[in-house]
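Worksheet: one structure, shown below.
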């Protein structure tokens, strides 16, 4: 069960709930992010289309995304809608939920290592990362990229800093984008083969000096494919262009010709 800072959901919020009871006229849901508070989905909020049985949409034990359509903390009432959740909202919420669960697991690990409670972890780490990065897991990803400074900048202090950073190194992987571009390199001079090799080797050396993750393959002479991976799509296109330009510059100096046959693509 993932924690929220607020005790009650707000009107219009998309929430994750677990179906606990299904009746002919509606269903009861417990809110996973709000301490298991009970909410209700009336029959007319199940689907916009005609249906025969509510159980075609909801079953006991099922988790789903719902929209809050009424909330009354004074009376303890929360009403939800299933039909008002757009597909894009559902996908976004499920992704957010999964990331929040992963973040909570890491916070719990850190708390146990320090002999603290999960609430301590949220107060000393989680909420600070959420305030600074908009999401706890986003803070962990930033720490994976930039190191401990990403945590301390958000206000996380020792002894949490060291423990969290160790967990980040062990468990957080930054998703990488992979793109390729194809070059055509030709050189009809007696040393043409060596000239092409030099162009490719210098392009690879340039990539290594820059810290780029790049590989070059023969794709059936005179075609050569450059593969690269990075965290950001736009940055990756720039990397491929830089490396390709090195190869094209070298082959031109060697008296050959070169051109980009295929721009960066997945």
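Observations on the structure shown:
- The stretch 224-266 versus the stretch 198-216: alpha-carbon centroid distance in Å: 10 Å
- Volume of the convex hull of the stretch 88-171 (Cα atoms only), normalised per residue: 84 Å³.
- Modelled FRET efficiency - R0 22 Å, residue 127 with residue 70, Cβ distances, 0.05 increments: 0.20
- Gain on full stretching of the segment that runs from residue 94 to residue 233 - 0.36 nm per residue minus C-alpha separation: 47.7 nm
- Sorting 143-155, 238-250 by average packing, meaning the other beta carbons within 10 Å per residue, from highest down gives 238-250, 143-155.
- Kirkwood-based Rg to Rh ratio, the stretch 182-266, C-alpha trace: 0.96
- Over the chain, volume per residue of the alpha carbon convex hull, in Å³: 172 Å³
- Net length gained if the chain between residue 5 and residue 191 were fully extended (0.36 nm per residue, minus Cα distance): 60.1 nm
- The packing ranking of peptides 221-229, 25-33, 254-262, highest mean first, is 25-33, 221-229, 254-262, where packing means the average number of other beta carbon atoms within 10 angstrom of each residue.
- Volume per residue of the convex hull around the Cα atoms, evaluated for the stretch 119-237, comes out as 114 Å³.
- An oblate overall shape is assigned to the stretch 54-107, the ratio a/c of its alpha-carbon gyration tensor axes (a ≥ b ≥ c) being 1.5 or greater and a/b not exceeding b/c.
- Computed per residue of the chain from DSSP H runs no shorter than four, each worth -39500 (n - 2.57), the mean residue ellipticity at 222 nm is -13000 deg cm²/dmol.
- Between residue 138 and residue 219, the FRET efficiency from the beta-carbon distance, with R0 = 35 Å, is close to 0.40.
- The Cα atoms of the stretch 6-117 define a convex hull whose projected area, averaged across directions, is 7.9 nm².
- The length gained on full extension between residue 262 and residue 249, counted as 0.36 nm times the residue separation minus their Cα-Cα distance, comes to 2.9 nm.
No lab work stands behind these numbers, since they all come straight from the coordinates. Just so you know, these numbers come straight off a predicted model, no measurement behind them. Virtual Cβ from ideal backbone geometry, glycine too; neighbours counted across all protein chains shown.
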